[in-house]
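The values are calculated or read from the model by the stated rules, or taken from the named source; none is laboratory data. As the structure is a prediction and not an experimental result, all values here were calculated from the model. Cβ atoms come from the backbone with ideal geometry, glycine included; neighbour counts cover every protein chain shown. SASA here: full protein model, heavy atoms, side chains in, ligands and nucleic acids out. Shrake-Rupley method; radii C 1.70, N 1.55, O 1.52, S 1.80 Å.
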Amino acid sequence: MRLRTLPVSVSGVLMAVALTQMAGMTKWLPAGLCLVFAVLAQIASNFANEYFDFKAGLDRPGREGPRRGVTEGDITPRAMLWATIITLAIACGIGLWLIHWGNWWLILAGVVIALGVLAYSTGPYPLSHHGLGEVAVVFFFGIIPVTLTFYVITGSSDAMVFFTSLAVGLMGANVLVVNNYRDLADDAAVGKRTIAVIMGPQAMTNMYLFNGYMAVALMVPMWMLWPVWAWSIPVVYLAIHTGLWWQICSRMGAALNPMLGMTSLAMLFYCGATLALSFIL
């Protein structure tokens, strides 16, 4: 399930609820369903990635990252495939429930998300194998969860929602930046062309720093609506982000594993604190 990365899917929904609270239109049941859907979709994606990377021979025993159950023989490939199918099916069932608050076109959105879960790791052009993993994260863990959660709850959207969703996506992409930076040598050895393999390690650390600062910059219009003291949230986030970047630049291989969880928790802090502030104000 890769629990340390699940705050990525949680954060997008929390930020969307913060926006609905600002609009005075929060509805807790659809918000809760969106949260469960998002988490299940990420878990299904993680299961699918483990299964299909094993089938493609891209995971090797003793890799730098966290232990892969299928590759190491802890879990049978068949069991992992069924786990993927069942988790995705449950997520789709919850997605159908959300039509009650949205519109029938949400079925199309659900199909796109389900295909994205699989297309990340398999199909004729697996996104994670061709330098598009980070782009997929921005779309599926930023733009989609923030804009669709906001739409399901309010029935509308606007430019601020979109720019906020892009900001959340960039924060989420940083988790994959760390992952691909750590796995650069392993991925290059098996022919998996992640963006880290294509662009090199220096580009990845630069991307990590840029994404965090750009995320905060994209949300300046929202912060401008709130008191100056509220800016303590983005300031603290950027301090944490810069400190993590410094640590990432000085680490290699398995030493980067803790940075995955810390990057996702920094994202959760930013989005959770913004949600709390939306209620306070």
Could you tell me the distance between the Cα centroids of the range 225-254 and the range 111-179, to the nearest Å? 22 Å
Considering only the other residues whose Cβ falls under 11 Å of the Cβ of residue 194, what net charge follows from Lys and Arg at +1 and Asp and Glu at -1? -1
At a probe radius of 1.4 Å, what is the per-residue accessible area of residue 10, in Å² to the nearest 10? 40 Å²
When N is the residue count of the range 1-152, what does its C-alpha Rg come to as a fraction of 2.2 N^0.38 Å? 1.09
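If I compute solvent accessible area with a 1.4 Å probe over the protein chains, what percent of it on the chain is carbon and sulfur?
Using a 1.4 Å probe with all protein chains present, the chain comes out at 72 percent carbon and sulfur.
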Percent of alpha-carbon pairs separated by more than 12 Å within the range 50-93: 61 percent
Quick one: if you stick a label point 7 Å off each Cα along the C-beta vector at residue 81 and residue 103, how many nm between them? 3.9 nm
About the Cα centre, charge dipole magnitude for the range 61-136 (Lys/Arg +1, Asp/Glu -1 at Cβ), debye: 120 debye
Against the rule of thumb 2.2 N^0.38 Å, how large the Cα Rg of the range 127-220 comes out: 1.19
Heavy-atom accessible area per residue - the range 91-220, 1.4 Å, Å²: 40 Å²
Accessible area, probe 1.4 Å, largest first, for residues 27, 192: 27, 192
Using a simple spin-label model with points 7 Å from Cα along the Cα→Cβ vector, what separation in nm is obtained for residue 130 and residue 269? 3.8 nm
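Subtract the Cα-Cα distance of residue 157 and residue 250 from 0.36 nm times their separation in residues, and report this length gain in nm to one decimal.
29.3 nm
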Mind checking which of 179, 137, 153 is farthest towards the positive end of the chain's charge dipole, using Cβ charges of +1 (Lys, Arg) and -1 (Asp, Glu) about the Cα centre? 179
I'd like the projected area of the chain, averaged over all directions, using the convex hull of its alpha carbons. Report it in nm² with one decimal. 13.7 nm²
Computed from the beta carbon distance with a Förster radius of 45 Å, FRET efficiency for residue 198 and residue 27 to the nearest 0.05 stands at 0.55
Cβ crowding within 10 Å averaged over residues, with 245-254, 226-235, 112-121 ranked highest first: 112-121, 245-254, 226-235
At a Förster radius of 30 Å, what calculated FRET efficiency corresponds to the Cβ-Cβ distance of residue 188 and residue 89, to the nearest 0.05? 0.25
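Hey, can you list the DSSP H helices of the chain whose Cα span along the axis is 20 Å or longer and whose average Kyte-Doolittle score is at least 1.0?
Sorted by number, the helices that extend far enough and score high enough are 7-22, 77-97, 159-182, 232-249, 257-280.
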Using 0.36 nm per residue of separation minus the Cα-Cα distance, give me the extension gain between residue 56 and residue 217 in nm, one decimal. 54.0 nm
